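Down below is the structure, laid out as structure tokens.
The values are calculated or read from the model by the stated rules, or taken from the named source; none is laboratory data. On a predicted model such as this, the values are computed, not experimentally measured, just so you know. We place every Cβ from the backbone using ideal geometry, glycine too, and count neighbours over all the protein chains shown. Ligands, DNA and RNA are excluded from the accessible area calculation, which covers all protein heavy atoms including side chains. Shrake-Rupley method; radii C 1.70, N 1.55, O 1.52, S 1.80 Å.
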Amino acid sequence: MLNIIPKPQYAEERLGEFTVTRDTTVFADPRLSYARDRLIEEVEKACGFRLQVVETKQAAIRFLVDKHIPKEGYTMEADTERLTITASAVAGAFYAVQTFRLLTLTELLDSPEMLSMHALYIKDEPEYEYRGILFDDARYFHGPDTVKALLDMMAFNKLNVLHWHLTDNEGWRIEIKKYPKLIDIGSRRRGSQHIAWGNRSIDWTEHEGFYTQKEIQEIVSYAARMNIMVIPEIDMPAHMGAAIAAYPELSCGDIHMEVPIIHGATPETNGIGDVIACAGKESTYKFIYDIIDELSVLFPAPYFHIGGDEAPKKEWKKCPHCQALIREKGLKDEEELQGYFNNKIAVYLERKGKRMIGWNEILKARTLDNSVIAEYWTPQRDPNVENYLMSGRNIIVAKHQAFYFDMPYAQNTLKRTYEFTPEKYGLNADPERILGVEGTLWSEWISTDERIQYQLYPRMQALSEVAWTKAENRNYRDFRLRLKKYLPILDKRNIGYCPPSMLDPKNPLKRAKICRAFVKSNAHIEYNRALVVQKRRRYKL
Ligand code: ACM
Ligand code: ZN
């Protein structure tokens, strides 16, 4: 069994071994020389020697172009003499290098004199073109090192989209030159509701942080080198509390408030989440256009995420500006006003060469532009998404039950993530219309790298296989066997993860208890148990 995650679409082992020593030579078609250099770098990191580049196809390792191979696909053929990698473009050759890292165990061996792998033939290509992770840097700011470590693991697992949730009620994390108060005011808050939904106890430690535009550019180009596109999300018109704290005129009633500490809108929080950007004032659009202008330069991706989720209409209902616009444009209600708002932003984005993505709530408006991509997250079935898909529009799937990685494993088990298929969620239309899948790491309760790692690994590995490997080639038992051999890589890299014994808790009472505790008072209960299990494992108690 080849121990590769995500599993290739086709692989066969052959007789013999291919070995890499300090005398091994490498040739690459100039179009694939970037991938060649990555392979040389990986070998050097593991073994301490640099392979020699040669200009002849007689080399032992060869990167060749074959125009017939799909964009991110590759083939890999190894016998006792040669390793030949073919791809039509550099992305596929880059992924072949990731496969090579797993086959030769470059991640695990300590300064070996040589590397070896089975003779084999692999023909591989991704199932979905969009293979994403959402990272929430708004609720807690994590910083460039954490994002780069995340990107490293994403590339290793052949994921190619970082959906970066950079703004929310609890913080604005990206420098905008034209609106400095977004950082001066919006990037810090006095404390944090740190336990969980129902428990409103506050940790009164100030929390702050933001990315300068220079840091953003550096991270975006770091990602691009690993075939990862970074899509920014500026959530609007709701989840804008931090922006409104900085610029009260963005809200319907020019509401003065501090950057919210408590998550969500409840009577105890004076319905803080009800305060959203005013769709009736022209100045709101000017503000958003200005932000898009700056971000379009920083993020070359042809997509832009506007959030659009969880927008209560309480403020719009009583706002003279919003109501006047509804009358002027002949809109039916506040949902149609959000549709009007979204369409205006979509048109502006289109002028910048960007396609708009929004959470599936945006489909409530009947008037939405057809080019918009809906991202399906709600745990409840949403017939609007099913209809949107059936009528030939595009969606991305981040269904809560399978892909919300901030939830306890007792609720969203690893098996449920792994066994995702669109059909299970009523998505039966042309598969081409589903651009891909995304795992989401929201960070309301996740302030440390250790906790990020626990929630994310090995869910990222399961996600990568859903995103990459066709459903008919996936099998959960087989995945768990491969995972067992893969986890030492995480150990070696000092990356934490949820212990295998806790990935699919069977006891329904225990599961229910953890899920109840998560919602009521303590998001950390499962994590704390995991730490005990890990400690026992480490000391073999
Ligand atoms: C979401 O979880 N509100 C997209
Ligand atoms: Zn308004």
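Miscellaneous remarks
- Debye, to nearest 20: dipole size of the chain, +1 on Lys, Arg Cβ, -1 on Asp, Glu Cβ: 1360 debye
- In this structure, D110 and R351 have a Cβ-Cβ separation that, at R0 = 60 Å, corresponds to a calculated FRET efficiency of about 0.65.
- Taking amide hydrogens as placed 1.01 Å from N in the peptide plane, the amide H of E375 sits under 5 Å from those of G358, W359, N360, I396, each at least 5 positions away in sequence or on another chain.
- Global form of the chain, assessed from the alpha-carbon gyration tensor, a/c cut-off 1.5: prolate
- Extension gain for K123-T56 works out to 21.7 nm (0.36 nm per residue, less the C-alpha to C-alpha distance).
- Scalar couplings 3J(HN,Hα) for segment 464-479, obtained by applying the Karplus form with A = 6.51, B = -1.76, C = 1.60 to θ = phi - 60°, are 4, 6, 4, 6, 9, 9, 4, 3, 5, 9, 9, 8, 5, 4, 5, 4 Hz; x denotes Gly and Pro.
- Global geometry of segment 446-492, whether rounded, prolate or oblate, following the gyration tensor of its Cα atoms and the 1.5 cut on a/c: oblate
- Förster radius 30 Å - calculated FRET efficiency between K510 and K470 (Cβ-Cβ, nearest 0.05): 0.30
- Low-density loop positions, GluC sites (Glu not before Pro), segment 300-373 - DSSP coil, at most 16 other Cβ in 10 Å: E310
- Distant-in-sequence amide contacts of I234, defined by a placed amide H-H separation under 5 Å and a gap of 5 or more residues or a different chain, comprise H305, G307.
- Remark on the chain: C47, C498, C515 stand apart, with no other cysteine beta carbon under 4.7 Å.
- Between segment 277-337 and segment 220-269, the Cα center-to-center distance that results, in Å: 13 Å
- Difference of contour (0.36 nm per residue) and Cα-Cα distance, T421 to H256: 54.8 nm
- Each label was represented as a point 7 Å from its Cα along the Cα-to-Cβ direction; for V297 and S391 these points are 3.8 nm apart.
- Length gained on full extension, R22 to S201: 58.5 nm, using 0.36 nm per residue less the C-alpha separation.
- Percent carbon-and-sulfur accessible area, the chain, ignoring ligands, DNA and RNA, probe 1.4 Å: 51 percent
- Simple point charges give the picture: +1 on the Cβ of Lys and Arg, -1 on the Cβ of Asp and Glu, and for segment 134-256 a dipole about the Cα centre of about 160 debye.
- Sequence-ordered 3J(HN,Hα) estimates for segment 324-339 from the Karplus curve with 6.51, -1.76 and 1.60 and θ = phi - 60° stand at 5, 5, 4, 5, 4, 8, x, 7, 6, 7, 5, 5, 5, 5, 5, x Hz, glycine and proline given as x.
- Look at the Cα gyration tensor of segment 36-155: its axes a ≥ b ≥ c give a/c of at least 1.5 with a/b at or below b/c, and that counts as oblate.
- Protein heavy-atom accessible surface, 1.4 Å probe, per residue over segment 50-193: 35 Å².
- Amide hydrogen neighbours beyond the local backbone of T25, cut-off 5 Å, H modeled: A60, I61
- Accessible surface area normalised per residue over segment 410-541 is 48 Å², counting heavy atoms of protein chains with a 1.4 Å rolling probe.
- Cα-based reach from K492 at 13 Å (exclusive), listing aspartates and glutamates while leaving out same-chain residues under 8 positions away: E107, D110
- For the residue pairs K314/K399; K45/K485; K281/K317; K332/K364, the alpha carbons lie more than 23 Å apart in K314/K399.
- Karplus-derived HN-Hα couplings along segment 27-44 (A = 6.51, B = -1.76, C = 1.60, θ = phi - 60°), whole Hz, x at Gly and Pro: 10, 9, 4, x, 5, 10, 5, 4, 5, 4, 5, 5, 5, 4, 5, 5, 5, 5
- Here's the list of aspartates and glutamates a cross-link from K158 could span, going by alpha-carbon distance under 14 Å and ignoring same-chain residues fewer than 8 apart: E72, D124, E125, E127, E129, E438, E465.
- Peptides ranked, highest mean first, by Cβ atoms within 10 Å: ranges 86-96, 24-34, 159-169, 205-215: 159-169, 86-96, 24-34, 205-215
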